[in-house]
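The values are calculated or read from the model by the stated rules, or taken from the named source; none is laboratory data. Since the structure is predicted, the reported quantities are computational estimates derived from the model, not experimental observations. Backbone-built Cβ (ideal geometry, glycine too); neighbour counts: all protein chains shown. To get the accessible areas, we keep the full protein, side chains included, count just its heavy atoms, and leave off ligands, DNA and RNA. Shrake-Rupley method; radii C 1.70, N 1.55, O 1.52, S 1.80 Å.
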Amino acid sequence: MQVFSNRILSKQLLWGLSVLGEFGYWKSLVGGILSPRVPVLSYVPKHRQLPPRVLPVTTAWKGIESILSDLIARFDIGTGRCLEFGVEYGYSTAALSCFFDTVTGVDTFLGDKHTQDNRDIFAETSNRLSDFDNIQLIRSDYRDWTAKDHSFYDLIHVDIIHTYADTFACGLWSSRHSQCVLFHDTESFPAVRRAVIDIARQTNKRFYNFEESNGLGILV
């Protein structure tokens, strides 16, 4: 019981530290008291199946690849175009490429304050995904990309720096340019979860949450 309590306290402490200095997060939290409540619906997959191509790399995304086919079928998502903000080592990119005709991966490939690896990994990831003909990697900040891209996608995956302001800005653009948006780390970063709630409120989309693998927010 004591070990369990310590784990809960440790998680709460990490959550608190991750939002220190996040003015947008706290403003949203206070403002949300008077705003209409956004229900967070639990996402429980009806079936799980590994895609045919899974990269042998360490990733916090592991487990999510097994629900992609269920998710696409349940929400009747098109399988033409997919856009991903936050590629890193390419695990999620490779998994998504099994379900979409084209996947465009946008990343600076330099890491951020929430990643453990801040090396330049563009060449490494490009080489790892070189056999995936339907994947195109673009070295760019999400802000530069969204400023010039006016097209529409079937699905967009957001896994960028886990701040409220960045997640909200990138996520709001994504929700207006796709049928479905996925947000990683809704369980491990409260700022991400809060941003998704606010985007759902502003766009009138439903917010489903898959609790495993650090959390996956689904806006449809």
From ALA200, ALA195, ALA169, grab the single residue that is assigned to a helix (DSSP H, G or I) and either surrounded by fewer than 21 Cβ atoms within 10 Å (Cβ to Cβ) or at pLDDT below 95 (or both).
-> ALA169
So which of ARG37, ARG48, ARG53 ends up being under 24 Å from ARG206 (Cβ atoms), in contact with a Ser or Thr (Cβ under 8 Å, 6 or more places away or on another chain) and among the basic types (Lys, Arg)?
-> ARG48
Scanning the range 172-192 residue by residue, those of a type outside the set (D, E, K, R), open to solvent by 30 Å² or more (accessible area, probe 1.4 Å) and in a helix (DSSP H, G or I) turn out to be TRP173
Residues of the range 28-42 being open to solvent by 80 Å² or more (accessible area, probe 1.4 Å) and part of a loop (DSSP other than H, G, I, E, B), which ones?
-> ILE33, LEU34, PRO36, ARG37
Just one listed residue, out of ALA73, ALA95, ALA60, is farther than 22 Å from SER175 by Cβ and among the small types (Gly, Ala, Ser), and it is ALA60
Flagged pairs (Cβ under 9 angstrom, 6 or more apart or on separate chains; first in the range 148-159, of a type in the set (Lys, Arg); second loosely packed, with under 14 Cβ neighbours inside 10 Å and in a loop (DSSP other than H, G, I, E, B)) are none
Filtering the range 132-166 down to residues that are assigned to a loop (DSSP other than H, G, I, E, B), buried (at least 22 other Cβ atoms within 10 Å of the Cβ) and of a type in the set (Ser, Thr, Tyr) yields THR163
Listed by first then second residue, the pairs whose first member lies in the range 200-220 and is touching a residue at least 60 places away in the same chain (Cβ under 8 Å), whose partner is polar (S, T, N, Q) and open to solvent by 10 Å² or more (accessible area, probe 1.4 Å), with beta carbons under 7 Å and at least 6 positions apart or on separate chains, are ARG201/SER35; ASN209/SER42; ASN214/SER188
